[in-house]
Amino acid sequence: MRTTVLVVEDEPKLRDLLRSYFERESMVVLSTASGSEGIALARRGQPDLVILDLGLPDVPGEDVAQELRTFTDVPILMLTAKASESDRIRGLELGADDYMTKPFSPRELVLRAQAILRRGRDTTSRNECSSFGQGRLVIDESRREAIVDGEVVDLTPTEWGLLLALSTTPGRVYSRFELINRIRGYEFEGYERTVDSHVKNLRHKIERDPGSPRIIETVLGGGYRLGLSRDD
Ligand code: CA
């Protein structure tokens, strides 16, 4: 099946440029200049990736991202003209998987898009170790093991599912609702509130000081994120 990319960008030249680059990679491209139409296209077209400009004429890109997150897990790569670090963090909090500041090279954007798509595919089939925070946390999916500070930690299926979900994109904020959806495959039943108690238990197992957690961080009003970056 061909990969579908949705481009939501109001600058016609940039939109057309991205279309031609993605089409060269044999991807199907849906595109629009409007945020609200972007949301509609995401519902209808089930894209594998969304390229989303933050500065749109009708609906701000931030709102588009939040709306998308109410019905889809699709990876989002945000484009913005604002270069400051706080904008970058805000973008990731809104559920973006990556972020590029204009002007950028279309070639680099396509490479990043491909990396995101690969990551998405890998979550179901990867069988290697992922290391975070200079080896502080190692996740071995094939053996279903979490190793913290060199020691294997005994986790319940729900705790394992939570950690795996959060480590998909370090630094990205996952809402409680999203976490429930992501770990459903691990026989998780419950409400958003119960995510908190599982996180609490998980912290007691993996944090040096569960009172001031460094691995699983709470984001007020947002959810949780992995506080360690992925090692190369
Ligand atoms: Ca714009």
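The values are calculated or read from the model by the stated rules, or taken from the named source; none is laboratory data. Owing to the predicted nature of the structure, the values given are computational and were not obtained by experimental measurement. Note that each Cβ is placed from the backbone with ideal geometry, even for glycine, and that neighbours are counted across all protein chains shown. The protein model used for the area step is the full one, side chains on, heavy atoms only, and it has no ligands, DNA or RNA in it. Shrake-Rupley method; radii C 1.70, N 1.55, O 1.52, S 1.80 Å.
So how do Arg43, Arg176 rank on accessible area, 1.4 Å probe, biggest first, that is with the largest at the start?
Arg43, Arg176
How large is the convex hull of the Cα atoms of region 129-226 per residue, expressed in Å³ as a whole number? Numbers along the way, then the final one.
Values: hull volume 9.0 nm³, N = 98.
Cα-based convex hull of region 129-226, divided per residue, equals 91 Å³.
Could you give the length gained by full extension between Leu111 and Glu151, i.e. 0.36 nm per residue of separation minus their alpha carbon distance, to one decimal place?
Residue separation times 0.36 nm, minus the Cα-Cα distance, leaves 10.8 nm.
For region 4-121, just say rounded, prolate or oblate: build the C-alpha gyration tensor, square-root its eigenvalues into a ≥ b ≥ c, call rounded for a/c under 1.5, and beyond that prolate if a/b exceeds b/c, oblate if not.
Taking the square roots of the gyration eigenvalues as a ≥ b ≥ c, region 4-121 is rounded.
For the chain, what is the mean residue ellipticity at 222 nm derived from helices alone (per DSSP H run of n ≥ 4: -39500 (n - 2.57); sum divided by total residues; nearest 500 deg cm²/dmol)?
Details: 8 runs with 95 residues, N = 232.
Dividing the helical sum by the residues of the chain leaves -12500 deg cm²/dmol.
When you count, for each residue, the other Cβ atoms within 10 Å and take the mean per peptide, how do 96-104, 159-167 rank with the highest first?
Ranked by mean Cβ neighbours within 10 Å, highest first: 159-167, 96-104.
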